[in-house]
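Heads up, the thing below is written out as structure tokens.
Coordinate-derived values only; no laboratory data. Just so you know, these numbers come straight off a predicted model, no measurement behind them. Here the Cβ is made from the backbone with ideal geometry for all residues, glycine too, and neighbour counts use every protein chain on show.
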Amino acid sequence: MRFLAVLLALAVTATMSLPASAQHGRKSSQYEREREARAACREPVRAAGDAYYVIRSARRSAIKRWQEQVINAHGERFITWENAKVVEYHCDPARVGGGQQVWNLKRCVIVARPCRNDGF
């Protein structure tokens, strides 16, 4: 009987010494996941690429410019385009040659929120 009382006292002591997050695991872990998700993304970054004949190349150029701006502002953990949350993306005819459209060039502009790459 004395053994059971000691065992019960140890169990109560161990439970009381746990942090609140371990005692209420579901609520705090959900809160922490939401907090981490908010902290994982930064404010939107806008970038315009160079003008190209092919839209695919113009889009690649805009993404490269976006990545350059993101790495300078937030570091390498945020440059992965696949993790970004795209806010706006469009490609329009480029104004080359004194403000008039001389060639059939396209320029893409992207606005996206850089999000942390947890693979590092």
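Note on the stretch 42-120: Kirkwood radius taken over Cα pairs, Stokes-Einstein applied at 37 °C and 0.692 mPa s, translational D equal to 254 µm² s⁻¹.
Think of each Lys and Arg Cβ as +1 and each Asp and Glu Cβ as -1; about the Cα centre, that makes the dipole of the stretch 42-120 roughly 100 debye.
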